[in-house]
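S.K.: Below you will find the structure I want to go over with you.
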Amino acid sequence: MKAFTYERVSSPAQAVAAVARNPGAKFIAGGTNLLDLMKLQIETPTHLVDINSLKLDGIEATPEGGLRIGALMRNTDLAADERIRRDYGVLSRALLAGASGQLRNRATTAGNLLQRTRCPYFYDTAHPCNKREPGSGCSALDGVSRQLGVVGVSEACIATNPSDMAVAMRALDATIETVDADGKTRAIPIAEFHRLPGDTPHVETVLDPGELITAVTLPPPVGGKQVYRKVRDRASYAFALVSVAAIVQPDGTGRVALGGVAHKPWRIEGADAELSRGAKAAAAALLADAKPTRDNAFKLPLVERTIATVLTEARA
Amino acid sequence: MVGSDDLNLNRRDLMVGAGACAAMPAMPGTAKAQPGPDGNPVEFQVSLTVNGKSHTRNVDTRTTLLDLLRENLHLTGTKKGCDHGQCGACTVIVDGRRINSCLTLAVMQEGSSVTTIEGLGQPDNLHPMQAAFIKHDGYQCGYCTPGQICSSVAMLEEIKAGIPSHVTADLLAPVQPTETEMRERMSGNICRCGAYSNIVEAITEVVERQG
């Protein structure tokens, strides 16, 4: 780990000012991903701003009838919140499908949204990686790519976003609230929050440098049967090969988002419209522009079969 | 061609080099001094409670809670396995919650209350979970055991608190401490000897005794 200076702050204003003052600074909350990457010198901040005392760990009702989740709410607490379990079951299920009990106790809502890819070449500093070293090349294109992306990929990067939580939030149309160093706040729909890799896979979100996530808001409950199904190499504590978050209404209409297939939670509004026609139609719309590798072409039929399983469960 | 001066190591240089080699195995994976932003390691003070005892230490900011426990406080019951949050050997209980002590900085634990395996019980005063692990042979080499036991104790508290898991069938019903629930919830603790079935028996006995 490279040496760094450290400070604790107690308000969002102090936090963004501290990062603005220190080039090379990063916020740290749970730290479960950042410290992992710092040990490997993939992340090398020169200053850490500890935001754990910001009191952004609550959850409250919004005037619109939805919920506002504090950025620092731990994954365990969010998954266990009674309102989330009752009205946003797909989010509870997605959180509980991710990581381990120990990690969920530390990992925060905002940190989960910002976690980096688990592409093995991103982690392996002996190999080129455009995400780690822009312009160095992508080792995954001709490498081991079984776990990697099949849609929205580019010639520069086929990494996937590893989050389960974000897939459920995409199905729920969550909004991400932020504040920047000038005190300016904005609300970013989750559909626009994560970027596709394109030519700049190292730029993963639309956040500006030093911009701080303060909350994630959920719209009023949409009801329906809410299902999160994660397919992985072992039954627990593994990243998704494919995951499906679905909200299915009694009339068969609904929403569907995918994890494990793209650089961001993958949802195509056109696929929602196909959902009542069945898994084949919905999967075809979601994967219309798929460009799998030989290693991960299995994900295409796996998506269709997983949607089929989810629809069966939702209609049971 | 190498100049003769390059080969003229004096005896002292040679011993310094040999000493550095000999010292390396004694400090596996601890934060090593590297130049900080201004060329030096950075120290920061942290105060926390470990097993009921208060400690204040100046530490290199890179020190993880795990390294603080083992290297500074000499509480070596907590083990370093992967040092990346994947194995669970470093599991301790912080403010009632189990966490990977390798993935949090010591300086981030200002004011925290930490319980390690040494705080759960001692050889003449075992915690019920420690006694159950011994009775059911819930280990072989024992390296993962402190993490398994700290994780088990906190895991049962999570069930009591009604926190659901991936295998909980009904998110709105009370959570039951079934074997399926325990196995899922312990997936962050790896046992390479494969003592899992005995670990489950040990935890089950504690559950049954608690009623």
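S.K.: Running a GNM on chain A with Cα contacts under 10 Å, which residue among A:Ala288, A:Ala279, A:Ala80 ends up with the highest mean-square fluctuation?
M.R.: Top of the fluctuation ranking is A:Ala288.
S.K.: Separate question: Given R₀ = 30 Å, what would the calculated FRET efficiency be for B:Leu126 paired with B:Cys82, taking r from the Cβ atoms and rounding to 0.05?
M.R.: 0.60
S.K.: Once you place label points 7 Å from the Cα toward the Cβ at A:Ala273 and A:Glu82, how far apart are they in nm?
M.R.: 4.1
S.K.: With a 1.4 Å probe, how much accessible area is buried between chains A and B, both sides summed, in Å² to the nearest hundred?
M.R.: By this definition, chains A and B bury close to 3600 Å².
S.K.: Could you check which residue among A:Ala29, A:Ala240, A:Ala284 shows the biggest mean-square fluctuation in a GNM of chain A with a 10 Å Cα cutoff?
M.R.: Maximum among the listed residues: A:Ala284.
S.K.: Would you mind computing, in nm to one decimal, how far apart the modelled labels at B:Glu179 and A:Arg315 are, each placed 7 Å from Cα along Cα→Cβ?
M.R.: Each label point is offset 7 Å from its Cα along the Cβ direction, giving 3.6 nm.
S.K.: Run the accessible area of the stretch B:128-210 with a 1.4 Å probe and give the carbon-and-sulfur part as a rounded percent.
M.R.: Reported share for carbon and sulfur atoms: 54 percent.
S.K.: What pairs from A:Lys26/A:Lys131; B:Lys79/B:Lys160; A:Lys26/A:Lys55; B:Lys79/B:Lys135 go past 20 Å between their alpha carbons?
M.R.: Violating the 20 Å limit, Cα to Cα: B:Lys79/B:Lys160; B:Lys79/B:Lys135.
S.K.: Moving to a separate point now. Determine Rg/Rh for chain A; Rg is computed over alpha-carbon atoms and Rh is the Kirkwood hydrodynamic estimate from the same atoms.
M.R.: My calculation of the ratio gives 0.96.
S.K.: Any idea what % of Cα-Cα pairs in the protein assembly as shown are farther than 47 Å?
M.R.: It works out to 12 percent of all Cα pairs.
S.K.: A further question follows. Mean residue ellipticity at 222 nm from the helices of chain A, using -39,500 (n - 2.57) per DSSP H segment of n ≥ 4 over the full residue count, to the nearest 500 deg cm²/dmol?
M.R.: -7500 deg cm²/dmol
S.K.: How many percent of all Cα-Cα pairs in the stretch A:54-101 sit more than 13 Å apart?
M.R.: 57
S.K.: Which order do A:Arg74, B:Arg192, B:Arg183 take when ranked by solvent-accessible area (1.4 Å probe, heavy atoms of all protein chains), largest first?
M.R.: B:Arg192, B:Arg183, A:Arg74
S.K.: Projecting each Cα onto the charge dipole of the protein assembly as shown (Lys/Arg +1, Asp/Glu -1 at the beta carbon, about the Cα centre), which of A:Leu300, A:Ala156, A:Ala20 comes out farthest on the positive side?
M.R.: A:Leu300
S.K.: I've got another one for you. Determine the per residue accessible area of the protein assembly as shown with all protein chains present and a 1.4 angstrom probe, expressed in square angstrom.
M.R.: 43
S.K.: Same structure again: Rg and Dmax in Å for the stretch A:79-238, alpha carbons only: what are they?
M.R.: 16.8, 48
S.K.: Rank these by accessible area, largest first, 1.4 Å probe: A:Arg305, A:Arg85, A:Arg186, B:Arg185.
M.R.: A:Arg305, A:Arg186, A:Arg85, B:Arg185
S.K.: Could you check the simple spin-label distance between B:Asp95 and A:Glu133, using points 7 Å along Cα→Cβ, in nm with one decimal?
M.R.: Distance between the two pseudo-spin positions: 4.0 nm.
S.K.: Rounded to whole Å and ordered largest first, report the semi-axes of the equivalent ellipsoid of the stretch A:150-238 derived from its Cα gyration tensor (root of 5λ).
M.R.: Equivalent ellipsoid semi-axes, largest first: 25, 22, 11 Å.
S.K.: With the Cα gyration tensor of the stretch B:87-162 in hand, give its eigenvalues times 5 under a square root as the equivalent ellipsoid semi-axes, listed largest first in whole angstrom.
M.R.: 21, 14, 12
S.K.: Through the Karplus equation 6.51 cos²θ - 1.76 cosθ + 1.60, θ set to phi - 60°, convert the phi angles of the stretch A:76-83 into ³J(HN,Hα) values in whole Hz; use x for Gly and Pro.
M.R.: 4, 5, 5, 5, 8, 4, 4, 5
S.K.: Continuing with this model, one more query. Does the stretch B:128-210 classify as rounded, prolate or oblate by the C-alpha gyration tensor (a ≥ b ≥ c root eigenvalues; a/c under 1.5 gives rounded; else a/b over b/c gives prolate, otherwise oblate)?
M.R.: Cα axes put the stretch B:128-210 in the prolate bin.
S.K.: Same structure again: How much of the calculated P(r) for the stretch B:73-211 lies past 28 Å, in percent of all Cα pairs?
M.R.: When every Cα pair of the stretch B:73-211 is considered, 14 percent fall beyond 28 Å.
The values are calculated or read from the model by the stated rules, or taken from the named source; none is laboratory data. Everything quoted here is computed from the prediction, not taken from an experiment. Note that each Cβ is placed from the backbone with ideal geometry, even for glycine, and that neighbours are counted across all protein chains shown. Side chains included, ligands, DNA and RNA excluded: accessible areas come from the protein's heavy atoms. Shrake-Rupley method; radii C 1.70, N 1.55, O 1.52, S 1.80 Å.
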